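Everything on this sheet refers to the single structure shown next.
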Amino acid sequence: MNKILSILLIFSFISSQEPCDGQCLSNDVVEQIRIDILTLENDKESDEKIIKNLNEQIYMYIQNDSLNTSLINDYKKQLEMSQEMIDLVKPKWYDNKYLWFFGGMIITSGAVYLAGQID
């Protein structure tokens, strides 16, 4: 029984293999593989375009960021200059109109009082 089984097994292996002349796949499988390869090559080209586009966007972002940084610095400088201008334009303590009014009243009333004291 063992001999018969081994003979059948050997013949089944020998008869199942087809002669291969460099291409052991069917034409349909080879065509499907070719289509898959072309699809992958096309995907690679589109991926390279996407990568190039993303690199350009990164470069534009870096330029925009540097521009924004310079704008922020300019605004800070403008704020400092406007604070200096406010300090220059702000009236001093001796420019207070109420101080001059009440000072004038005190001096005038003092002069009138002293003039009334003369005999």
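Points worth noting:
- Placing pseudo-labels 7 Å out from each Cα toward the beta carbon at Lys44 and Leu88 gives an inter-label distance of 6.7 nm.
- What you get for region 76-119, charging only the Cβ of Lys and Arg (+1) and of Asp and Glu (-1), is a dipole of about 260 debye around the Cα centre.
- Rounded to the nearest 0.05, the FRET efficiency derived from the C-beta distance between Ile7 and Gln32 at R0 = 35 Å is 0.40.
Read-outs throughout are calculated quantities, based only on the coordinates presented, and are distinct from any laboratory measurement. Remember, it's a predicted structure, so these values are computed and weren't measured experimentally. Virtual Cβ from ideal backbone geometry, glycine too; neighbours counted across all protein chains shown.
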